[in-house]
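First comes the structure, then the notes that go with it.
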Amino acid sequence: MSAQLWALVAVGLIVLAAASLENLRSRRARRLAVGATAAPAQEPYILYFTGDSCTVCRTHQEPALARLGAVRIDKVDAVADRVLADRFHVYTLPTTVVMAPDGRALHVNYGYAAAPKLERQLADARGRALSAATA
Amino acid sequence: MSTPTTVVDHSALKVNQTGIVATVLVAFIGGIVFQPLLVLIPLLAIVLLLGTFAPQLALFKQIYFKVLKPRGIVQPRPVLDRPEPHNFAQGLGGVFLAIASLFLLPVPVIGLALSLLVAVLAFVNLAFGYCVGCQIFFQLERRGVLRARA
């Protein structure tokens, strides 16, 4: 019994440590990636990093992106286009980046991002673009 | 970007993950009252490693294809996907269970903890669709350790 109990404690600690490390890694990558630049556009758009080994991209992320309606989505193969993937510190798939019209990254999501979250981020990007245009 | 042209039945993957979680839990909990049940862990390691290199020997997937699917107990869920990342993840699980098996007698805590970790990761994949082995596969492919498919 005690071996099972200690194993349970060990796995609990490992999972907790892994979750904390993942959280730190994602926050650090997001801090470095926000502000990175790509091509400018007329409207806010989404850079969508994916790869053909990413199942969750096809089963979850792409249906969520399809629900966004008329938004430009630039699909990027993170394995083939390493330069762009490195610029946005893509360490996991899918990664979605909400870009301002001037080509600056405003919001970076590592891992699956649900449609409502992306809609909020796009609304924020549109609001910022509007304030910048009226300023 | 190349879109996968192969179809992977995700129900087979889910049955496989369920099999892994159930076997480890039976060994882990059953081992408290009946220690010989721990033999399920090395057996599971063999099943996973055999299934990685010879899919026709993947026990849980074969149960799905030969029993559950034909009888309509589990509905198929075909998805355009690559089988390699899933096979890699299964192989990684098999390797971890093989290492766990080596520790089961001399240091049972390490053996049990590694086995439970494999079950936790299989459960995360089963419940949330997040495949840690597939992410490792992506990282290795990105670093050129595994060759990206043309």
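The values are calculated or read from the model by the stated rules, or taken from the named source; none is laboratory data. Just so we're clear, the structure is a prediction, and the values are computed from it rather than from any experiment. Neighbour counts are summed over all protein chains in view; Cβ atoms, including those assigned to glycine, are modelled from backbone coordinates with ideal geometry.
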> Among B:ALA58, B:ALA89, B:ALA100, which is the only one that is surrounded by 17 or more Cβ atoms within 10 Å (Cβ to Cβ) and under 30 Å from A:ASP77 (Cα atoms)?
Replying inline: B:ALA89
>> With the structure loaded, tell me whether A:ALA78 is at pLDDT 90 or above, farther than 21 Å from B:THR5 by Cβ, at the interface with chain B (Cβ under 10 Å from one of its Cβ atoms) and in contact with a strand residue (DSSP E or B) (Cβ under 7 Å, 6 or more places away or on another chain) or whether it fails that test.
In response: no
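Find the residue count for the stretch A:74-88, including only residues that are among the hydrophobic types (A, V, I, L, M, F, W, C) and under 17 Å from A:ARG30 (Cβ atoms). Give the steps one after another, and end with the answer.
Taking the stretch A:74-88 as the starting set, the residues that turn out to be among the hydrophobic types (A, V, I, L, M, F, W, C) are A:76, A:78-80, A:83-85, A:88.
Retained after the next criterion (residues that are under 17 Å from A:ARG30 (Cβ atoms)): A:78, A:84-85, A:88.
Qualifying residue count for the region: 4.
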> Looking at (1) surrounded by fewer than 16 Cβ atoms within 10 Å (Cβ to Cβ); (2) assigned to a helix (DSSP H, G or I), which is the one condition that is false for B:PRO106?
Replying inline: (2)
>> Residue under question is B:LEU97, and the condition is that it be out of contact with any His (no Cβ under 9 Å at 6 or more places or on another chain) and under 17 Å from A:ALA7 (Cα atoms); does it hold?
In response: yes
> Does the stretch A:81-101 include one or more residues that are away from chain B (no Cβ under 14 Å), at pLDDT 90 or above, crowded, with 17+ Cβ neighbours inside 10 Å and part of a loop (DSSP other than H, G, I, E, B)?
Replying inline: yes
> How many residues does the stretch A:52-74 hold that are within 12 Å of another protein chain (Cβ to nearest Cβ) and under 15 Å from A:VAL98 (Cβ atoms)?
Replying inline: 2
>> With the requirement that a residue be free of Cβ contacts under 8 Å to residues at least 24 places away in the same chain, facing chain A (nearest Cβ under 7 Å), within 12 Å of A:LEU93 (Cα to Cα) and of a type outside the set (D, E, K, R), what does the stretch B:126-148 give you?
In response: B:TYR130, B:GLN135
>> I'd like to verify a number: residues in the stretch A:14-53 that are part of a strand (DSSP E or B) and among the β-branched types (Val, Ile, Thr), how many?
In response: 3
